Amino acid sequence: MDEPRIALLNAAHAAADTRRNFEREVDAELVEFHAPSGELPSSFAFDGCVVTGSSASVYWDKPWIGRLKEWVGEAVEAGLPFLGICYGHQLLANVLGGQVEAMGEYEIGYRTIHRTDESRLLAGIDEDFTAFTTHSDHVRRAPPGATVFARNDYGIHGFRKGRVFAVQFHPEYDREMARTVTEGKDLDDERIDAVLEGITGENYRAACETKQLFDNFLAFVEQVHPGRAVVNE
């Protein structure tokens with residue numbers, strides 16, 4: 001197929017930074033919609049969708065979150081392949097019947113994550129891999145029928161259900177974004193300093209392995225088109 005046309009459902013309030021991250025990492029035609037401003041596609045005429053991170057929580061009673069959930073649910077029903085990152089991971093879990101809740105703590109920084117199940121999204125990525133994380137909500141329970149393919153001691157870091165893939169960590173971050181996000185967190189100085197000290201070239205290079213999942217998702221998109229049966233793995 002030609003270059004995939006992907007709807008980028010940008011849920012971040014710092015929209016420009018998030019857009020740049022995905023434009024850099026996703027080799028596709030990205031059509032951006034800024035969900036907090038009320039922007040959503042008027043149709044499902046895309047090859048796939050990506051839902052980004054956000055400082056919001058999926059359980060907040062905000063009109064834009066409700067509208068985003070409704071559109072995503074309808075798009076999933078229509079057969080569009082989805083990739084959710086961080087907030088997107090939580091939103092897709094919520095839409096598909098999983099449970100998302102506050103952790104009561106913060107996971108932030110370069111962390112080790114364990115691949116618990118074979119998944120085409122993580123093909124070519126080590127069984128134990130490094131990724132940058134930043135979240136205080138998590139998927140407490142995966143959607144019914146979903147396969148959980150990544151975890152660490154903070155909980156679920158990846159699941160798949162049908163044409164929906166989702167990860168809690170941030171494969172799209174570069175070192176600058178990791179530092180900016182860390183410095184903006186309302187955490188004690190000691191914790192912030194410890195995370196900043198861990199944003200090293202070595203850790204970033206290790207985390208770059210996770211960028212492979214974008215190519216893996218696009219390869220899936222190229223095989224699976226709306227209205228056709230899911231390709232067998």
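Points to keep in mind about this one:
- Whether the stretch 1-80 is rounded, prolate or oblate, judged on the alpha carbon gyration tensor where a/c under 1.5 counts as rounded: oblate
- Dipole-positive endmost among ALA16, VAL181, LEU218 within the chain (Cβ charges, Cα centre): LEU218
- Between the listed residues ILE125, ILE156, THR112, the Cα displaced farthest toward the positive end of the dipole of the stretch 111-184, a dipole computed from Cβ unit charges relative to the Cα centre, is found at ILE156.
- Charge dipole (debye, nearest 20) of the stretch 85-223; +1 at Cβ of Lys and Arg, -1 at Cβ of Asp and Glu: 760
- Net charge dipole, the stretch 133-204: roughly 880 debye, given to the nearest 20, about the Cα centre with Cβ charges of +1 for Lys and Arg and -1 for Asp and Glu.
- Rolling a 1.4 Å probe over the heavy atoms of the protein chains gives the chain an accessible area of 44 Å² per residue.
- For the stretch 5-226, the Kirkwood radius over C-alpha pairs fed into Stokes-Einstein at 25 °C and 0.890 mPa s yields D = 142 µm² per second.
- Summed over qualifying helices (DSSP H, 4 residues or more, each -39500 (n - 2.57)) and divided by its residue number, the chain shows a 222 nm mean residue ellipticity of -9500 deg cm²/dmol.
- Hits among aspartates and glutamates - C-alpha to C-alpha of LYS161 under 19 Å, sequence gap 8 or more where chains match: ASP47, GLU70, GLU74, GLU77, ASP117, GLU118, ASP215, GLU222, GLU233
- Placing a pseudo-label 7 Å from each Cα along the Cα-to-Cβ vector at ASP126 and HIS114 gives an inter-label distance of 1.5 nm.
- Distance between the C-alpha centres of the stretch 162-178 and the stretch 30-91: 15 Å, rounded to the whole angstrom.
- Within the accessible area of the chain (1.4 Å probe), percent carbon and sulfur: 42
- Cα centre as origin, Lys/Arg/Asp/Glu Cβ charges: the chain dipole, Debye: 700
The values are calculated or read from the model by the stated rules, or taken from the named source; none is laboratory data. All values derive from a computational prediction rather than experimental measurement. Every residue, glycine as well, gets a Cβ built from its backbone with ideal geometry; the counts of neighbours run over all protein chains shown. Only protein heavy atoms, including side chains, enter the accessible area calculation; ligands, DNA and RNA are left aside. Shrake-Rupley method; radii C 1.70, N 1.55, O 1.52, S 1.80 Å.
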